Every structure is written in C-alpha cells, then in structure tokens.
Amino acid sequence: KAAAEIAATGKTTVIVTLGGDGAVAYGTGKTLTAGVLPITPIDTVAAGDAFVGGFAASVDRRGDLQAALAYGSVAGGLACLCPGAQPALPMKVAIDKALKSLPPIKVG
C-alpha cells in the first residue's frame with residue numbers, strides 16, 4: 001500500500017520485490033505484477049541483486065517497464081538455483097532462455 005501511495009504522490013514508478021511471490025511495479029497509471037519461475041530455490045542470497053541487475057539491463061536495452069520487470073524476475077529466480085552470491089548471478093543467455101517459463105505479466 002505504501003509503495004502505491006508513493007508512486008501516486010511522487011508521480012514516479014515504485015517497484016517492490018516480493019521474494020517467492022514475484023514483484024510489483026506501481027505507477028504510470030497502472031500496476032504490473034510479475035510472477036516467478038517454477039523453481040525450487042537452493043540459496044536466495046543474490047536474488048535481489050540479480051533482479052536489479054536484470055531490470056537495469058533490460059531498461060538499458062530500451063525495454064519497457066513490463067519487459068524490464070519480467071527480465072528482473074527471471075534473473076532473480078535463476079540466482080536462487082546456485083549457492084553463493086557471485087556464482088549465482090545468471091548470464092544473459094540463461095535469462096533469455098528462461099523468459100519463456102515466466103507466467104505473463106499481469107496488468108491492472
């Protein structure tokens with residue numbers, strides 16, 4: 001609720017990661033909800049860093065908010081499949097391949 005209020009009053013987009021429940025982007029007149037990959041996590045240490053890195057990489061490639069949210073969610077999920085922080089960060093090839101396994105982004 002706080003994120004939605006900040007987005008509305010600040011005229012900005014606010015993204016909240018929800019761990020195993022995905023991520024939500026509030027702002028720009030709509031709410032986007034990303035699901036998660038169907039995985040069994042091994043170690044969640046680098047998941048947030050991977051999400052942010054994937055999200056930023058997508059934005060840098062001129063991806064829209066929906067694409068960036070999906071890319072970040074997949075990157076975060078893949079990071080949970082390997083123990084440790086740096087070794088768990090996924091490469092672009094792995095993220096691109098796993099994108100097809102992510103449920104569609106919900107727009108509300």
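So the values come out like this:
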quantity: Distance between modelled label sites at Val107 and Ile42, nm, 7 Å Cα→Cβ extension; calculated: 3.7 nm
quantity: Structure-based [θ]222 nm, the chain - -39500 (n - 2.57) summed over DSSP H runs of at least 4, per residue, nearest 500; calculated: -12500 deg cm²/dmol
quantity: Where Cα atoms sit under 25 Å apart: lysine pairs in the chain separated by 8 or more or lying on different chains; calculated: 10
quantity: Size descriptor, Kirkwood hydrodynamic radius, that averages inverse alpha-carbon separations across region 1-55, Å; calculated: 12.3 Å
quantity: Longest segment of the chain lacking trypsin sites (Lys or Arg not before Pro) that sit in a DSSP loop with at most 14 other Cβ atoms within 10 Å; calculated: 12-60
quantity: Accessible carbon and sulfur surface of the chain relative to its total accessible area, %, 1.4 Å; calculated: 61 percent
quantity: For region 41-91, accessible area per residue (1.4 Å probe, heavy atoms of protein chains only), Å²; calculated: 50 Å²
quantity: Ala67-Lys11 FRET efficiency (beta carbon distance; Förster radius 22 Å; 0.05 resolution); calculated: 0.50
quantity: Per principal axis, descending, Cα span of the chain in whole Å; calculated: 39, 26, 22
quantity: Of Thr13, Thr40, Thr31, the one that fluctuates the most in a GNM where the chain has Cα springs shorter than 10 Å; calculated: Thr40
quantity: GNM flexibility winner over the chain from Leu89, Leu69, Leu81 (Cα, springs under 10 Å); calculated: Leu81
quantity: Contour minus Cα-Cα distance for Ala56 and Ala4 (0.36 nm per residue); calculated: 16.6 nm
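The values are calculated or read from the model by the stated rules, or taken from the named source; none is laboratory data. Because the structure is predicted, anything quoted here is derived from the model rather than measured. Every residue, glycine as well, gets a Cβ built from its backbone with ideal geometry; the counts of neighbours run over all protein chains shown. The accessibility values were calculated without ligands, DNA or RNA, using every heavy atom of the protein model including side chains. Shrake-Rupley method; radii C 1.70, N 1.55, O 1.52, S 1.80 Å.
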